[in-house]
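*Asks:* Questions regarding the structure given below will be posed in turn.
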Amino acid sequence: MKILFVLNSFYATGNGLSASARRTVNALKEAGEEVRVLSGPNHDPNGPQPDYALKEFFFPIVQPLITTNGYQFASTDTRIVEEAVRWADVIHMEEPFVLEIRTAKIARRLGKPITGTYHLHPENIFFSLGMGNWKLPNQIMLNLWKNLCFNKWKYVQCPTQNVKDRLEANGFKADLRVISNGLVPDACIRVPHQNQPFLLICIGRLSGEKSPYTLLEAMKHSSYAKNIQLFFAGKGPEEKKVRKMAKKLYEDGVVAYEPLFDFMDRDGLRNLAAKADLAIHCATIEVEGLSIMEAMQQGVVPIIADGPITGTHQFAIDERSRFAQKDAVELAQKIDWWLSHPAELEAARGAYVEEMKKYSIEYSVRELIKMFRDATQEK
C-alpha cells in the first residue's frame, strides 16, 4: 500500500507533531508499507529531505513567533502536490492547514481516499497569541477545521479518548478511531534513587498551555520543597519568564536547589527520566503527551493535570497521579504524598512500565494500517 503523509514540517525539531510523524512513518516502513512524505524542506542542508519537497512559506510580521514555537509552513506547488497524490493509494493528513486543504482538493479530483490525524487543538495555536482562553476564536477555528478538513476526510485518528469525545461533541462526522500515536519501546534503565534531593522533572515546551508555572507555584505549598531538585527539559516562547520565576523561588529560599533547564535529545530525556523520582505534567491543552509517556517507560511515576481538553490524564493509573489543572495546592499535596510513601512509589514504578507497553507503536501502526485499508477499500 502506498501511503502519502502530508504535513508542513516533517523535519522540525522541538515540535511534537513532527516528531510523532517521523516515528509513525518509520514504523510503517518497518511494517512493510510504502510511505512517502509531502512537506516543507529540512533546514539542515546535510540532512534528509522529504520525498516531495515544497518551499517554505514565510508569514509577514508573525514569522518570528512561528519559528520560536519550532514550526514552519510550506508553500503549495500544484505540480509537486499532484505528483505526490498520483503516486499514493491513500493520502494521510497530519494537520488541518492550507497545504492539507489544497492537497485534499486534488486528491478528491483524482479519486484518492483521505485520512487524517487530529494532532492539535486550536488552543495550542491561540495560546501563542495570548488568546488561549478566549472561547470564541478557538470555537471558530475548530468549526473551520471541521468544515474545511476533517468532515471531508473519511477516517480520523484520535490519539486519546479525550480527543474523540471533544470532536463528537462538536459534530465531527468522520469515522473517529482512538489510536495512540504510539511509543517506540524502550528498555527500562532505571537508576535506583540514592540520596536527596528528590529529582522532579517537567518535560515539554515552555509555553503557556503547558503551564510550567503550576509546578513552580506548587513548591510554595510543598513540605518537601527544600529537598527537591526541579529540572525543566524543554524550550519555548515562555522560557525567559519560567527561568525568571524559577530563579526567584531559589533566591527567596523557597527551594534550596536552583531549578535546572536544558533541551535534550531522546537519549538524554531517557537517561533523565531513569533518574527522576516524579514526572510532573501540568499542560492544560494536550492531545496525548508522548514525552511524559516516554518518561513513564523508565519507571518514573507521573502526576498529570486533569482538564477538559487534555488527554494525558488517561495514562494515570489512579487518582494519586492526577491533579486538577492549574491547582498548585493539590499538585503539592500529591507530590508530598508520593515522597512520603517510598514503598508505594517504588511499587508504582513497575506498574507504569507495564502500563506503557499497551501503547507500543507496533500496535498503533497495526491499527493505522487497518484504517488505511478500510479507506482504500471503501467505495
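*Asks:* Checking the a/c ratio against 1.5 first, then a/b against b/c, what shape does the Cα gyration tensor give for region 198-358?
*Replies:* Taking the square roots of the gyration eigenvalues as a ≥ b ≥ c, region 198-358 is rounded.
*Asks:* Return the long-range amide H neighbours of Phe323 (sequence gap of 5 or more, or a different chain), with a cut-off of under 5 Å between placed amide H atoms.
*Replies:* Counting only residues 5 or more places away or on other chains, the set is Ile304, Ala305, Asp306.
*Asks:* Can I ask one more? Roughly how many debye, to the nearest 20, is the charge dipole of the chain about its Cα centre, given +1 on each Lys and Arg Cβ, -1 on each Asp and Glu Cβ, and no other charges?
*Replies:* Approximately 920 debye in magnitude.
*Asks:* Another question, then. Whole number please: convex hull volume per residue, Cα atoms of the chain, in Å³.
*Replies:* 135 Å³
*Asks:* Given a Förster distance of 30 Å, report the FRET efficiency between Gln314 and Arg243 from their Cβ-Cβ distance, rounded to the nearest 0.05.
*Replies:* Calculated transfer efficiency: 0.45.
*Asks:* Count the DSSP beta bridges whose two residues both fall in the chain, then state the antiparallel fraction as a percent rounded to the nearest 5.
*Replies:* Antiparallel bridges: around 5 percent, rounded to the nearest 5.
*Asks:* Right, something else. When the helices in the chain are scored as -39500 (n - 2.57) per DSSP H run of 4 or longer and the sum is shared across all residues, what 222 nm value do you end up with, to the nearest 500 deg cm²/dmol?
*Replies:* Counting only the DSSP helices, I get -12000 deg cm²/dmol.
*Asks:* Now, a different point. With θ set to phi - 60° and the Karplus curve 6.51 cos²θ - 1.76 cosθ + 1.60, what are the ³J(HN,Hα) couplings of region 340-347 in order, to the nearest whole Hz, using x for Gly and Pro?
*Replies:* Couplings: 8, 10, x, 5, 5, 4, 5, 5 Hz.
*Asks:* May I ask for the net charge around Gln72, where only other residues with Cβ less than 14 Å from the Cβ of Gln72 are counted and Lys, Arg are +1 while Asp, Glu are -1?
*Replies:* Once positives and negatives cancel, what remains is -3.
*Asks:* So who's got an amide H within less than 5 Å of the one on Phe57, skipping anything under 5 residues away but keeping other chains? H placed 1.01 Å off N, in plane.
*Replies:* Amide H neighbours of Phe57: Phe73, Ala74, Ser75.
*Asks:* Moving to a separate point now. Over region 198-358, what is the relative contact order in percent, taking alpha-carbon pairs closer than 8 angstrom and at least six residues apart?
*Replies:* Relative contact order for region 198-358 comes out at 25 percent.
*Asks:* Taking the Cα centre of region 1-140 as origin and charging only Cβ (+1 Lys, Arg; -1 Asp, Glu), how large is the dipole, in debye to the nearest 20?
*Replies:* It comes to approximately 340 debye.
*Asks:* Also, quick follow-up: Assign unit charges at the C-beta atoms only (+1 for Lys and Arg, -1 for Asp and Glu), then state the dipole size of region 198-358 relative to its Cα centre in Debye, rounded to the nearest 20.
*Replies:* 440 debye
*Asks:* On to the next question. A 30 angstrom limit on the alpha carbon distance is what I want to check against. Which of Lys210/Lys334; Lys2/Lys55; Lys334/Lys370; Lys146/Lys210 exceed it?
*Replies:* Going by Cα-Cα distance, Lys334/Lys370 fall outside the 30 Å limit.
*Asks:* Between Gln49 and Arg190, with labels modelled 7 Å along Cα→Cβ, what's the label distance in nm to one decimal, could you check?
*Replies:* 4.7 nm
*Asks:* Would you grab the residues whose amide H sits under 5 Å from the one on Ile309? Only those 5+ places off in sequence or on another chain, please, with H modelled 1.01 Å from N.
*Replies:* none
*Asks:* Oh, and also: Give, in nm to one decimal, the length gained when the segment between Lys220 and Asp267 is fully stretched (0.36 nm per residue of separation minus the Cα-Cα distance).
*Replies:* Full extension from Lys220 to Asp267 adds 13.7 nm.
*Asks:* Can you compute the FRET efficiency between Ile101 and Lys357 using 1/(1 + (r/R0)^6), with r the Cβ-Cβ distance and R0 = 51 Å? Round to the nearest 0.05.
*Replies:* That gives a FRET efficiency of 0.85.
*Asks:* Let me ask you something else. Short version: ³J(HN,Hα) in whole Hz for each residue of region 78-86, in order, from phi by Karplus 6.51 cos²θ - 1.76 cosθ + 1.60 (θ = phi - 60°), x for Gly and Pro, what are they?
*Replies:* 4, 5, 5, 4, 5, 4, 5, 5, 4
*Asks:* Going Cα to Cα from Lys326, which aspartates and glutamates come in below 13 Å? Please leave out same-chain ones fewer than 8 positions away.
*Replies:* Glu209, Glu217, Asp306
Bear in mind that the values in this text are calculations on the coordinates, not laboratory data. Just so we're clear, the structure is a prediction, and the values are computed from it rather than from any experiment. Backbone-built Cβ (ideal geometry, glycine too); neighbour counts: all protein chains shown.
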